[in-house]
Every structure is written in C-alpha cells, then in structure tokens.
1. Restricting the calculation to Cα positions, tell me the Rg (one decimal) and the Dmax (whole number) of segment 141-216 in Å.
2. Taking just the alpha-carbon atoms of segment 178-257, what radius of gyration and Dmax come out, in angstrom?
3. On a 0 to 90° scale, report how tilted helix 176-213 is relative to the longest principal axis of the chain, with both axes built from alpha carbons and the result rounded to the nearest 10.
4. Among 143, 156, 214, flag the residue with its Cα farthest along the positive direction of the charge dipole of segment 104-218, charges on Cβ as +1 for Lys/Arg and -1 for Asp/Glu.
5. Measure off 7 Å from each Cα along the Cα-to-Cβ vector at residue 85 and residue 157, then give the distance between these two points in nanometres to one decimal.
6. Can you give the FRET efficiency for residue 237 and residue 42, using 1/(1 + (r/R0)^6), R0 = 22 Å, r = Cβ-Cβ distance, to the nearest 0.05?
7. Longest segment of the chain with no GluC sites (Glu not before Pro) in a DSSP loop having at most 12 other Cβ atoms within 10 Å?
8. Tell me, what is the FRET efficiency for residue 148 and residue 54 to the nearest 0.05, using R0 = 35 angstrom and their Cβ-Cβ distance as r?
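The values are calculated or read from the model by the stated rules, or taken from the named source; none is laboratory data. Not measured: the values here are computed from a predicted model. Because the Cβ atoms are built from the backbone with ideal geometry, glycine has one as well, and the counts that use them run over all protein chains shown. Ligands, DNA and RNA are excluded from the accessible area calculation, which covers all protein heavy atoms including side chains. Shrake-Rupley method; radii C 1.70, N 1.55, O 1.52, S 1.80 Å.
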Amino acid sequence: MTAMASSPTEYVTHHLEHLSVGEGFWTIHIDTLFWSWVTGLIFLGVFYAAARAVTAGVPGKLQNFVETILEFVDKSVGDAFHGPKDLLAPLALTIFVWVFLWNLMDLIPVDLFPVLAAMVGIEYMRVVPSADMSATFSLSLSVLALIIYYGIKGKGAGGFGKEFLFHPFGKNPLLVPFNLILNTVEMIAKPVSLALRLFGNLYAAELIFILIAMLPFWIQWLPGSAWAIFHILVIPLQAFIFMTLTIVYIALAYEKH
C-alpha cells in the first residue's frame with residue numbers, strides 16, 4: 001500500500017476513483033478515454049505492422065499471430081452469421097482485440113500508474129477501461145445500434161416492424177401490446193447484459209488486485225501471482241464472450257423468423 005492513502009478504506013477508494021470532469025450524467029472519465037485510445041492505437045499499430053510485413057513466403061511470428069486471430073474471428077462470424085460479412089467481421093475483430101487489451105491492463109500493478117500520475121500532479125488514474133461501466137455500456141450501445149441496423153437490413157423496415165409488433169404471439173391486435181413489451185425488454189436486455197457481464201468481471205478482478213496490494217510487500221507475490229494466473233484465463237474469455245454474443249445477437253436480428 002502506498003503513501004497516497006492513510007487507511008485501507010482511503011486506499012481502496014482512491015484506486016476506484018476516476019480522473020473525471022463534469023457532474024452527474026455528463027461526467028466524463030478522462031482516464032478511461034485515454035487508456036481506451038492507447039489500447040486502440042496499440043491494436044491498430046500491431047495489425048498495421050503485420051500488414052506491412054506480410055509475405056507469401058515463410059511468415060514471421062507477428063504475421064502468424066495476426067493470421068491466427070483473423071482466422072479465429074472469421075470462423076466465429078462464419079459459423080453464426082450467414083449474411084454479408086464485410087462489416088461484421090471487422091467489427092468482431094475490433095471488439096475481440098480491443099476488449100482483450102482493455103482487460104489486459106488489469107495485470108499492470110495497481111500502484112504503478114497512480115503513483116506515476118501523482119508525480120506529475122494527477123490525483124486519480126484508473127487504467128482498466130472494462131472496469132468502468134461507462135465504457136462497457138458505450139460499447140454495448142454501439143452493438144445495440146448495429147442490431148437494429150442489421151434487423152432492418154435483413155428484413156426490411158416493414159419486416160422488422162412486423163416482427164417487433166407480432167412476435168411471438170401472432171397478429172391478434174389484442175396481443176400486440178404484449179409483443180411490444182416482450183420485444184422491448186428483450187432488445188434492452190441485450191446491451192445491458194453485455195455491459196454488466198464485462199464490467200462485473202473486470203471490476204471484481206481489479207478490486208481483488210487492489211486488496212492484495214494492501215498486504216505486506218513480502219507476501220503480496222503469492223496471492224497476487226495466483227490471482228494473475230487465474231485472471232489470464234478471464235481476460236481472453238470475457239473478450240470472446242462479448243464478441244460471440246455480439247455476433248449471435250446481430251445474426252438473430254438479421255435472419256427472418
């Protein structure tokens with residue numbers, strides 16, 4: 001535990017506070033935006049470097065790594081979605097790699113960047129975007145917009161509206177309100193479940209790392225190493241779940257029922 005806090009409660013509270021501007025609903029978490037940009041640029045930089053170094057001969061390690069990810073994502077999209085993949089495949093790739101990098105930030109020692117930020121006069125600094133509900137909801141609301149877009153693209157505006165009003169109980173006018181309520185709840189539940197699942201897992205992981213950091217330095221390595229090893233499994237799993245559910249939700253919206 002660093003000297004930034006005089007008690008365990010203050011230490012935990014300090015590490016869970018965002019560098020932000022604004023108040024209430026209009027609060028902007030600057031640290032979340034900054035690290036989202038950083039991880040996004042890392043993603044673009046790695047894939048751009050791989051594209052520049054691509055060869056038809058013996059591929060290098062970076063090309064092999066990127067091609068493996070591309071094939072994995074392309075297969076995941078092809079297995080679940082049977083429409084045009086020109087937008088969905090790049091979207092799935094972006095979600096998987098970007099969320100993976102968000103989650104990977106949780107393995108950085110919890111005091112490292114807050115201490116460095118304090119040295120230049122910045123009071124708060126959180127580095128895990130996926131442990132911020134505003135980030136996970138922003139991503140999931142983008143998915144919701146694409147669900148509606150693909151629903152209209154696959155069925156047409158009329159078909160999308162008819163399914164929303166007459167599914168699952170049929171075209172009886174008396175049942176339209178029930179259809180509308182059920183479909184509205186189902187539509188809202190998709191982004192909510194996406195956002196809360198990712199946020200809950202990474203927030204809990206971040207909190208446990210913070211609690212471990214409060215232990216004496218000579219014992220931190222034991223629970224810290226064990227939790228980090230377990231968390232290595234969670235990092236790609238949560239990215240895969242977010243990507244897969246996005247593909248499935250869009251596929252269900254696109255297909256006619």
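1. Here Rg and the maximum Cα pair distance are 19.5, 67 Å.
2. 18.5, 61
3. Once rounded, the angle reads 20 degrees.
4. Towards the positive end, the residue furthest out is 156.
5. Label-label distance for residue 85 and residue 157, simple model: 3.1 nm.
6. The computed FRET efficiency comes out at 0.60.
7. After excluding every exposed loop site, the longest remaining stretch is 124-257.
8. On the way: r = 36 Å, r/R0 = 1.03.
According to the calculation, E is roughly 0.45.
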